[in-house]
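Trainee: The structure's right below; bear with me while I get my questions together.
The values are calculated or read from the model by the stated rules, or taken from the named source; none is laboratory data. The shown structure was predicted, so the numbers you read here are calculated from the model rather than taken from an experiment. Reconstructed Cβ throughout: ideal geometry from the backbone, glycine too, with neighbour counts over all protein chains shown. Remember, those area values only see protein heavy atoms, side chains included, never the ligands or the DNA or RNA. Shrake-Rupley method; radii C 1.70, N 1.55, O 1.52, S 1.80 Å.
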Amino acid sequence: MDKIQKFLAYNGKINITAVETTELVEKARKVHDLSPVATATLGRCLSMGALMAGNLKQEEDSITLQIKGNGPIGGITVTADGKGRTRGYVENPQVDVPLRKDGKLNVGGAVGKEGFLYVIRDIGLKEPYIGMSKLVSGEIAEDFANYYYTSEQKNTAVALGVLVNKDGVKKAGGFIVSSMPDATEDELFILENRLQEAKPISQMLEENMSLLEIAQDITGDSNIKVLEQEESTPKYQCNCSKEKMENALKSIGKEELQKIIEEDKKAEVVCHFCNKKYMFNEEELKCLIGDVS
Ligand SMILES: [Zn+2]
C-alpha cells in the first residue's frame, strides 16, 4: 500500500522522507494510457511531488513541478497538496524511445538533457514562490538533487524509481535525504558511501523492504527514529470542478469566448490531469462573458 514516512537518523542530524507510490503511479498510467517510458518518467515526477508535498505544513498548501526538456515526451507537470493528493500529466503520453544500453527504460532520452525544471510552492502567501534550475540528465532524481543544490543551496540526495512491466507498475517510490548543519564530516562521508552503494529504490521495494528498512539501509543507522505524523497517504486524485473550468474559460477573454459562441455554440473543456470532460452550452458561455470584466 502507498505510504509516506519521515525519519531522523544520526541523532536528528539527517532527515529522510521516503514514499511508496505504486498505486498512485499505476492510476496515472491508466488515466493517461501512458507508454512504459512515459509511466517511468511521470511516475518519478509524481513520486517527487508526493515527497515534496509531504513536507508542506498546511493541507491547502501545494507544490507544482514543471519540467520542460528538449526530449520527445514534451512538458511534464505534477502538482501535489498537503493532503497527499497528487496528479500530473505529460505532453506526449505515448512517447517511445529505444531502451538504454543496460536494458532500462530511457527516461533521460524521453525528457531530454537540456531544458529547465521549475518548482512552484503555493503556501498561502500573496505570490507563490518559484524556483528553477537547468536539467542535468533528464533522469529526474539527478535533476532535482541539482535543483536543491543550485536553487536552494541544500545538499539533498534524491532517489526515484518506477518498475514497469507489460502488466503495469510493479513498484514505484523514492526518497530524499538531507543533512542538518550540525552533521559531522565523518557522518556525511558514511552517508554518502551508503547512498552510493544502495540498490535502486524500486528494487528495494520489490524485495518487500519497508520504508523503515530502506531508511535504515541507506543511512546505515539502525537506531533511526520514525517521526509521528498525521495520516496522509499519497494518492492520485484530481480536484478539478466546473467552477475551475469556468475560470479557465474566462481567462481566454471576451473576444475568444464570443468567437466560440458564434462558431460552435458550445465548448468542451478537458481536464489535463484526469481527462474529465466539462461541457458548456450557449447559455452558460454567454453567462461567462457577462462575468468577464
Ligand atoms: Zn481533473
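Trainee: Would you call Glu20 of a type outside the set (Ser, Thr, Tyr), surrounded by fewer than 24 Cβ atoms within 10 Å (Cβ to Cβ) and farther than 18 Å from Ala145 by Cβ?
Mentor: So Glu20 does not fit the description; no.
Trainee: Hey, another quick one. Please give the number of the condition Thr77 fails out of (1) of a type outside the set (Gly, Ala, Ser); (2) more than 16 Å from the ligand (Cβ to nearest atom); (3) in contact (Cβ under 8 Å) with a residue 40 or more places away in the chain; (4) under 18 Å from Val25 (Cα atoms).
Mentor: Of (1) of a type outside the set (Gly, Ala, Ser); (2) more than 16 Å from the ligand (Cβ to nearest atom); (3) in contact (Cβ under 8 Å) with a residue 40 or more places away in the chain; (4) under 18 Å from Val25 (Cα atoms), only one is false for Thr77: (2).
Trainee: Say whether the condition of being touching a helix residue (DSSP H, G or I) at 6+ places or on another chain (Cβ under 9 Å), over 23 Å from Phe144 (Cβ atoms), away from the ligand (no atom under 16 Å from the Cβ) and open to solvent by less than 60 Å² (accessible area, probe 1.4 Å) is met by at least one residue in the range 190-209.
Mentor: no
Trainee: To continue, here is another question. Going residue by residue through the range 32-42, is there one that turns out to be within 16 Å of the ligand (Cβ to nearest atom), open to solvent by 20 Å² or more (accessible area, probe 1.4 Å) and assigned to a helix (DSSP H, G or I)?
Mentor: yes
Trainee: A further question on this structure: Of the residues in the range 247-289, how many are free of Cβ contacts under 8 Å to residues at least 60 places away in the same chain and within 30 Å of Ser47 (Cα to Cα)?
Mentor: Result for the range 247-289: 8.
Trainee: Taking Tyr149 as the residue in question, decide whether it is in the same structural domain as Asp81 (by TED's automatic domain parsing), farther than 15 Å from Ile14 by Cβ and not in a helix (DSSP H, G or I).
Mentor: no
Trainee: Here's something else I'd like to know. Name the residue, out of Ala157, Ala183, that is over 14 Å from Ala18 (Cβ atoms), open to solvent by less than 50 Å² (accessible area, probe 1.4 Å), in the same structural domain as Leu42 (by TED's automatic domain parsing) and not polar (S, T, N, Q).
Mentor: Ala183
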